[in-house]
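The structure under discussion appears below in the form of structure tokens.
The values are calculated or read from the model by the stated rules, or taken from the named source; none is laboratory data. Note that the coordinates shown come from a computational prediction; the quantities given were computed from them, not determined experimentally. Note: ideal-geometry Cβ built from the backbone for every residue, glycine included; neighbour counts use all protein chains shown. Quick note on the areas: whole protein, heavy atoms, side chains included, nothing else; ligands and nucleic acids left out. Shrake-Rupley method; radii C 1.70, N 1.55, O 1.52, S 1.80 Å.
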Amino acid sequence: MTNYVFHLLHWCLLLPAALAWPNLGGDATYDDSSYEYLTAAEKETILWEKVQETAGTKGSFSPFRLLQMFSKDLSPTVDHYSDFIPYEGGKPFHSVGAVATVKFDTSDNNSTFTGIFAEGSHHGVIRLSLALGIANSKYVPGLALKFLRNGMYSANVMAMESIDGQESGNFFERDFSNHITEAKLFTRKILERKFARTYAPPGMVGLSDIASFTEQGSPVCQDEEPCDIVFPYELILKPNPMLREQFVDAAPSEEGLEELVSAIPAGTKLYDVYARAEPQDTDLIPLGTLETTSEFLYSKFGDNELFFRHQRITDDFALRPEWNTNQRRRGLRTGDNDSDSIKCPMLNRI
């Protein structure tokens with residue numbers, strides 16, 4: 001109870017100051033209308049060169065920037081399709097991370113899924129990050145993954161285990177999913193509440209876009225012929241057991257993560273990728289592997305300018321409406337009634 005009251009006062013007192021902090025909005029710093037029409041390989045080259053230009057630098061965690069997020073419209077998170085961030089000031093969440101290029105090898109995949117799930121990706125970008133600064137000894141790892149495509153916007157997915165975090169500093173200790181575990185900590189529930197104002201259920205991102213086009217930019221479904229876009233309900237990323245064992249004693253700190261990723265060379269398998277085809281399935285379908293094609297680098301470009309879109313899970317539900325029946329997960333929804341509101345005048349502005 002004491003911790004609950006402390007956190008409630010902490011957020012209620014700091015939020016007004018954060019709302020008055022200088023505006024972090026603005027336009028993206030990169031403006032090249034021809035970029036989207038390039039090949040996946042050309043885009044990967046451009047992004048990696050930008051990462052290298054600021055290699056060795058990084059952004060920073062800012063409590064005020066995180067708090068200021070509660071006064072902002074988060075719709076660009078789901079509605080902005082560029083690979084470049086649509087606002088200035090850096091990421092309020094997952095503010096610091098390391099970037100590498102990756103490939104998604106699906107050569108042994110016998111599933112019926114379509115698009116990149118079937119054909120894989122040779123030109124991708126992954127960012128490993130901590131969702132929040134280290135607080136109360138909690139380490140909150142997560143990743144963002146971008147599959148570049150010829151002549152069109154990229155496909156993206158985010159994966160974590162939980163925003164509540166873990167005691168260990170081993171980034172590869174737990175499986176990640178695009179459906180993260182419901183928050184239990186009070187301050188993390190506040191974050192879920194804010195995300196639910198933009199997309200609900202919070203903590204779930206869609207996968208249908210990945211299945212809709214190949215890396216070559218070819219649509220799975222042509223307008224003139226009926227077909228099915230086939231995608232799983234959930235992705236599960238299982239860490240390479242060698243990495244899990246290698247970093248079992250990693251320190252739960254930002255510096256510990258930096259040391260960890262610097263020890264991962266190009267050509268390392270990071271994850272085995274599995275799919276849960278239907279919500280009720282207990283058996284997982286192997287899809288392939290994620291393997292680095294470069295080293296990991298910390299970079300202000302990666303922290304402040306590189307953007308990963310969150311696809312609304314409702315896009316998936318529109319194609320598979322039976323999945324939206326009786327969603328058991330993560331109860332915060334847009335328009336929660338007053339009886340469920342958090343009893344703090346400032347927090348109820350979010």
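Would you say E255 is over 23 Å from V78 (Cβ atoms) and either without any contact (Cβ under 8 Å) to a residue 12 or more places away in the chain or within 17 Å of the chain's Cα centre (by Cα) (or both)? Explain how you work it out, then say what you get.
Numbers: over 23 Å from V78 (Cβ atoms): yes; either without any contact (Cβ under 8 Å) to a residue 12 or more places away in the chain or within 17 Å of the chain's Cα centre (by Cα) (or both): yes.
Yes: the conditions hold for E255.
Go through region 203-237 residue by residue and tally those that are among the aromatic types (F, W, Y) and in a loop (DSSP other than H, G, I, E, B). Break it down stepwise before answering.
Filtering region 203-237 for residues among the aromatic types (F, W, Y) gives 213, 231, 233.
Retained after the next criterion (residues that are in a loop (DSSP other than H, G, I, E, B)): 231, 233.
The number of residues fulfilling the criteria is 2.
Which of the residues belonging to region 287-307 are of a type outside the set (S, T, N, Q) and more than 21 Å from A275 (Cα to Cα)?
So the first thing to find is which residues in region 287-307 are of a type outside the set (S, T, N, Q), and the list is 287-288, 290-291, 295-298, 300-303, 305-307.
Selection gives E295, F296, L297, Y298, K300, F301, G302, D303, E305, L306, F307.
Can you tell me which residue among S168, S137, S154 is modelled with pLDDT of 95 or more and either more than 13 Å from the chain's Cα centre (by Cα) or surrounded by fewer than 20 Cβ atoms within 10 Å (Cβ to Cβ) (or both)? Break it down into steps so the answer makes sense when it comes.
Details: S168 fails: modelled with pLDDT of 95 or more; S137 fails: modelled with pLDDT of 95 or more.
Only one candidate passes the filter, namely S154.
State yes or no: is A131 within 14 Å of H310 (Cβ to Cβ), crowded, with 20+ Cβ neighbours inside 10 Å and either modelled with pLDDT under 95 or not polar (S, T, N, Q) (or both)?
Numbers: within 14 Å of H310 (Cβ to Cβ): yes; crowded, with 20+ Cβ neighbours inside 10 Å: yes; either modelled with pLDDT under 95 or not polar (S, T, N, Q) (or both): yes.
Taking the combined requirement at face value, the residue satisfies it.
Can we say V273 is among the hydrophobic types (A, V, I, L, M, F, W, C), over 23 Å from E42 (Cβ atoms), in a helix (DSSP H, G or I) and touching a strand residue (DSSP E or B) at 6+ places or on another chain (Cβ under 8 Å)?
Numbers: among the hydrophobic types (A, V, I, L, M, F, W, C): yes; over 23 Å from E42 (Cβ atoms): yes; in a helix (DSSP H, G or I): no; touching a strand residue (DSSP E or B) at 6+ places or on another chain (Cβ under 8 Å): yes.
So V273 does not fit the description; no.
Which pairs do you get when a residue that is in contact (Cβ under 8 Å) with a residue 24 or more places away in the chain, found in region 206-226, comes within reach of a residue that is open to solvent by 50 Å² or more (accessible area, probe 1.4 Å) and of a type in the set (S, T, Y), reach meaning Cβ atoms under 9 angstrom, with the pair 6+ apart or on two chains?
Every condition considered, the pairs that remain are G206/T314; D209/Y153; Q216/T39; G217/T39.
The rows are residues; the columns are (1) modelled with pLDDT under 95; (2) open to solvent by less than 60 Å² (accessible area, probe 1.4 Å); (3) β-branched (V, I, T); (4) closer than 30 Å to A100 by Cα.
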| site | (1), (2), (3), (4) |
| --- | --- |
| L284 | no, yes, no, yes |
| T289 | no, yes, yes, yes |
| T293 | no, no, yes, yes |
| S299 | yes, yes, no, yes |
| D315 | yes, no, no, yes |
| Q327 | yes, yes, no, no |
| C344 | yes, yes, no, no |
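Take S253 and decide whether it is of a type outside the set (V, I, T) and over 28 Å from L38 (Cβ atoms). First the steps, then the outcome.
Working: of a type outside the set (V, I, T): yes; over 28 Å from L38 (Cβ atoms): yes.
Spelling it out, S253 is indeed of a type outside the set (V, I, T) and over 28 Å from L38 (Cβ atoms).
Output the number of the condition that V78 fails; it satisfies all remaining conditions of (1) touching a strand residue (DSSP E or B) at 6+ places or on another chain (Cβ under 8 Å); (2) over 22 Å from V248 (Cα atoms); (3) modelled with pLDDT of 80 or more; (4) of a type in the set (V, I, T).
Here V78 meets the rest and fails (3).
Name the single residue, out of those in region 171-198 being open to solvent by less than 20 Å² (accessible area, probe 1.4 Å) and at pLDDT 90 or above, that is farthest from R276 (Cα to Cα).
F171
Filter region 219-240 for residues that are out of contact with any helix residue (DSSP H, G or I) (no Cβ under 8 Å at 6 or more places or on another chain), of a type outside the set (D, E) and modelled with pLDDT of 95 or more and give the result.
Restricting attention to region 219-240, the residues satisfying the condition of being out of contact with any helix residue (DSSP H, G or I) (no Cβ under 8 Å at 6 or more places or on another chain) are 222-228, 234-240.
Filter once more, so that each one left must be of a type outside the set (D, E): 222, 226-227, 235-240.
Answer for region 219-240, where residues must be out of contact with any helix residue (DSSP H, G or I) (no Cβ under 8 Å at 6 or more places or on another chain), of a type outside the set (D, E) and modelled with pLDDT of 95 or more: L235, I236, L237, K238, P239, N240.
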